[in-house]
Structure formats: C-alpha cells, structure tokens
1. Condition (residue is among the basic types (K, R) and either at pLDDT below 90 or not assigned by TED's automatic domain parsing to the domain that holds A341 (or both)) applied to the range 443-459: is it met by at least one residue?
2. Quick test for you: out of Y362, Y314, Y338, Y277, pick the one residue that is within 20 Å of the chain's Cα centre (by Cα) and part of a helix (DSSP H, G or I).
3. Please verify whether A118 is closer than 22 Å to A70 by Cβ, part of a helix (DSSP H, G or I), free of Cβ contacts under 8 Å to residues at least 12 places away in the same chain and in contact with a Ser or Thr (Cβ under 9 Å, 6 or more places away or on another chain), treating the condition exactly as stated.
4. Which of the residues that make up the range 500-518 are in contact with a helix residue (DSSP H, G or I) (Cβ under 8 Å, 6 or more places away or on another chain) and either closer than 30 Å to A50 by Cβ or surrounded by 15 or more Cβ atoms within 10 Å (Cβ to Cβ) (or both)?
5. Could you tell me whether I280 is under 28 Å from T250 (Cα atoms) and in the same structural domain as S120 (by TED's automatic domain parsing)?
6. L373 - would you say it is surrounded by 21 or more Cβ atoms within 10 Å (Cβ to Cβ) and either in a helix (DSSP H, G or I) or not assigned by TED's automatic domain parsing to the domain that holds Y472 (or both)?
7. Tell me which of these M423 doesn't satisfy, since it passes every other one: (1) out of contact with any Pro (no Cβ under 6 Å at 6 or more places or on another chain); (2) surrounded by fewer than 23 Cβ atoms within 10 Å (Cβ to Cβ).
8. May I ask you to list the residues in the range 221-239 that are in a helix (DSSP H, G or I) and without any contact (Cβ under 8 Å) to a residue 40 or more places away in the chain?
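The values are calculated or read from the model by the stated rules, or taken from the named source; none is laboratory data. It should be emphasised that the depicted structure is a prediction, and the values quoted were computed from it without experimental measurement. In this analysis, Cβ positions are derived from the backbone assuming ideal geometry, glycine residues included, and neighbour counts consider all displayed protein chains.
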Amino acid sequence: MTSEAATGDGTTTTPAEAPKANGYSWYVLGVLVIVYILNFIDRQIVSILAVDIKRDLGLTDADMGFLGGAAFGVFYALFGIPLGRLADNWSRTKLLAIGLALWSSMTALSGFAKNQLALSLARMGVGIGEATASPTAYSLISDYFPKHQRATALAIYSSGLYIGGGVSLFIGAWIVEAWNAAYPGGGPMGLVGWQAAFLAVGLPGLLVALWVASLREPQRGVMDGTPTHGSATPFADFVQDLSTIVPPFTLIGAWQRGPAAFVINIAAAAIIGAIAYGMILYTKNLPQWSAVGVGFYAVFSWAGTLRARDPATYRLIWGTPAFVCTTVGYGMVALTAYALAFWSAPYAETVLGLPKKELAFYLGATGALSGFLGVIIGGRMADKLRARNPAGRILVILFGVVAPVIPIWIGFTTEDATMFYVMNFLAGLFGATALGAAAATTQDLVLPSMRGTATAAFFLGTTLIGLAFGPYMVGQISTFTGDLRIGMLSLIAVAPIAFVLLLYSYRIVPAAEATVAERAASA
C-alpha cells in the first residue's frame, strides 16, 4: 500500500512524486508579498516624516534614531521569539492575520501622538504586531515551495521589504504636503501632516488581515518529505515562552532550571545592565540603551530556557557556529541597510536641501527598484551557486557586504543630487542581494519543525544588531559631531567585521548542513 500526504491545496503526493510548487503556492506567495509591503510601509514611513516629527516634538537625531530603530526593533525581536514558536505549533495564517491587524492599528494610533513617549509606545506596538510576519511567512513558504526553489521564493517575498520601504516615502511625502497645504494650522482634531500620514497607511491593513485569514494552512514538512505536526497545546506553550522572555518573569524561569542557572542569569543581567548604564551616561540617551539592555538580557534568558527545554533546537541554532555567524554577519549587512533606509531621506532634505516630494519620488522609486532587483537577482544567484557549492549562498552574502562600500562613500560625499540618487540606488541594489541567501541558509540549517523558531533567531540579528543599532548609530554620531554626513559614512566601518564572520561561515556551512539530523538526534 502506498502512503500519501496532503499538500496545502488539497492534492496529494506519493514517495514516487517529488513535491513541487503549484498555482496556489504562488498565489499564497503573492498575498504574503502584499503583507510584507504593508509591513515595511508602516515600519519605514517614519523616515520621510522624520524632519517634521523632529521639529514638532523637539527631538534630536539620536532621538529619531531610537524611534526609527530600537523603539520598534527590540520589541519586534523579543516577541518574534515566542511568536516564532507559536508559528511552529499553531495556524500560521490566523497568527499572521492577527499580527497584521495589530500593527496596522498601532500605526494608525501613531497619528495621535503628541510627544516622544506616546510615539515610542505606539512604535513598540507596531514592533510586537510585525513580529508575527516573517516567522509565519518563512514557515509557510518553506511548506509551499521545495528546497530547490526556496531561496527564490523567499527572495520574492523579501522584495516586499524594498517595495514597501520605497512606497512609504512617496506616500508619506504626498500626504504631508497635501494635508499641510489644505490645513496649514492643523486639520481635524488638530492633526498635522505627519500624523495624518500614519493614519492613512495604517487603516488599510485591517482589510488585508481578513484576506490573509482566508488562506489555507499547508501541512508542515511535506515539501521535505518529513511531515510533522505542531504541539497539541500551542497557547500553553506560547504563554510559557512569553513568561520566560519578559523581565522580571525571566528570573522565575531561570530559578526553575536550578540554582546554577539562576546565578548565571543574575550575573548576565548585572553585566548587561552595567554596560547599558555606562552607555546611558556616555550618550545621555536613556530610552535607547534601556531598550537594548532589556532586549539582550531577554534574549540571553530565552536561549537558556531553550537549551533546557528543547536541546535539539538549541543545538541547531545557538549551538551551531555556522548559523550564528551567518545570522550576525548578515545582521551587519542589515545594520547598513536599515540606516540607509531611514536616514537617506532626512539627509537629502537637510544636507543637500532637496525638496521632500522630489527626494521621496526618486529615493522611493530607486529604493524599491534596487531592492526588488537586488533581492531577486541575489536569490537566483544563491540558488545557482548552492547547486554547485554547498556554501555557495554565502558568497552572495559576502558580495552584499563588500559591494555597497564604494557607493556609500561616493553618495554621501557628493554635493550633486543626481550622483547621490545613483549611488543610493547602487548601494541598495548590492546590499539587497544578501537577504534571500542568508534566509535560505539559516532555514537549511534546521529541521522543518524548527523553522519558525529559526526564523525568529535569524531576525534577532537583523533587529537587535541591524535595526536597533543602524539608525541609532548614525543619529548618535550625527548628534555628537553635528554632521549627519559623518554619521552616514560611519556605516563603512561595519563591513570588515561582517566580512570576517561570513568568511568563517563559508568554511563551516557545508558540514553543518550535512549533519543537521545527526546533531539534532544527539542533542
């Protein structure tokens, strides 16, 4: 008798048939791209609004760097961990629909902010909601597409990042100028242009959330020939995960693992707290370093809990140097990408004196095009190189580290607007090539049942390293020096660190991928 397995569209496969993507797979991918576009519109619209927000709320560049980075990124990273585990155990389509409704609502609420605190809280809420997006989407894509198409599919999904980021600039600039022209002294409820922009981009997401809820849930692992099932108690597991990552409940979780674990947890909290306090004294920025300190302590606590509760998953993620180095190395690429995405528009407006509508159109259009082309080309090249070389995808990530250096240098030293736009396009194009390769590499280093958790861990690198530090680093250096140009050029300094980490990954990824099942079993 021949066994059969159900796929996401109701058809079946047998061992004699190689699983393949079908029309419904591409339909789901299209919906997920739209969701990711909304994700990055809501995330990145702060960039084009930064000059107006800074003026109206009396903030510094460092303050804006916090709002564009850590205020969102830390909560995005932390909640991505338990939500990633929930994505491994519950309906991913329902979870994504709920998350989309949450972050869209919080984006709209950002429009009612009257001070830095209110806006920071709203951005934290956006981060929590958006933490559902990539763990669910990556896991869904991995179950709708076979391994030989996975990097391409993930790259197509990731194109929403660049399309959304680019569209956010154009939409934000258009709404601000139109609203302020119509209501020079403030419109209904006293709202000014940047507040109206938040409302306009947040509300449509509530309708798309209903669309997402209609998608069919595929069976886990079928595309890899290893059908698996989630936990029978997904929400109890989620609450337990949440309680072990949110301070001070992390202390309870550490105590439950034994006195030694409790002492180590306390020591880690003290060390991280001392470092954060020192940086607060040095930079005079309490919100940034408080958020970062809480973030790193919470992640340390979660890793300890994962090691005790799920040693196999811990072994394949935190216990695998190939996974860690690839994630951190790409996190450095993300640091540069997030900083460029956030600060290029304010730089063009304040340093080059370009009008908001013009720079939004050119930066938005070129940013969307460069990101889309880069991530698609990078994904395709990663798949082709992977077919010839087990570590071939790492070469694409290395390209994404090195290639943007010269365009960044030229783009942020020139006084010519055209040259600035061209170099910004090239930097975005080259940097975007790395994303699909990095995501696919980390997915291949774990078992199918661990992909949601692995995605959450991967995005720790792009948030606690890239997003939490990229926009802030540029803003803080600008505040220290009084020159935003110096802040932008400082991004070049992260390239050597990323290069070394990824070169090491290139050497060890093949062996790590070849021994996934063996190492999981031994753990």
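1. Scanning the range 443-459 turns up at least one residue that is among the basic types (K, R) and either at pLDDT below 90 or not assigned by TED's automatic domain parsing to the domain that holds A341 (or both).
2. Testing whether each residue is within 20 Å of the chain's Cα centre (by Cα) and part of a helix (DSSP H, G or I) leaves just Y338.
3. yes
4. L501, L502, Y504, S505, Y506, I508, V509, A512, E513, V516
5. Here the answer is no, as I280 does not meet what is asked.
6. no
7. Checking M423 against (1) out of contact with any Pro (no Cβ under 6 Å at 6 or more places or on another chain); (2) surrounded by fewer than 23 Cβ atoms within 10 Å (Cβ to Cβ), the one that fails is (1).
8. Within the range 221-239, A236, V239 qualify.
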